[in-house]
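Notes follow the structure.
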Amino acid sequence: MAGGWSKDGAVQDQIDASIKDAIEQAKSHLPEGESLTHCEECEKEIPEGRREAVPGVRLCVQCQELLDEEMNEASLFNRKGSKGSQLR
Ligand SMILES: [Zn+2]
């Protein structure tokens, strides 16, 4: 475990690197600036805990979930699309 020379160590380094990349990517997509006190979509109050947990938050939990669902559906659709094009 401790030896960085082993094969396992190299694999772990690679995993660490890709996790870092993923975090950097995720960070670049996070909203910046001050959290909104009220949801941008429905103008409901955003709980303080959420504002602290998600810096720059602009949506309440409900609207964020709706948005996430839409994004999930979009990526599912894209996957189907690329699969279809592979099969011609
Ligand atoms: Zn909302």
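Here, each number is a calculation from the coordinates, and none is a lab measurement. These figures come from a predicted structure and were not determined experimentally. Note: ideal-geometry Cβ built from the backbone for every residue, glycine included; neighbour counts use all protein chains shown.
Across the stretch 33-50, rounded Karplus estimates of 3J(HN,Hα) from the backbone phi angles (6.51 cos²θ - 1.76 cosθ + 1.60, θ = phi - 60°) give x, 7, 5, 7, 7, 10, 4, 5, 8, 10, 6, 7, 5, 8, x, 4, x, 5 Hz, Gly and Pro being marked x. Spin-label model, Leu76/Gln14: points 7 Å from Cα along the beta carbon direction are separated by 3.2 nm. Placing pseudo-labels 7 Å out from each Cα toward the beta carbon at Ala22 and Asp68 gives an inter-label distance of 1.5 nm.
Per-residue Karplus couplings for the stretch 71-79, computed as 6.51 cos²θ - 1.76 cosθ + 1.60 with θ equal to phi - 60°, are listed in order as 5, 4, 4, 5, 6, 4, 4, 4, 5 Hz, Gly and Pro entered as x. Counting neighbouring Cβ atoms within 10 Å and putting the fewest first, the residues Val11, Val57 line up as Val11, Val57.
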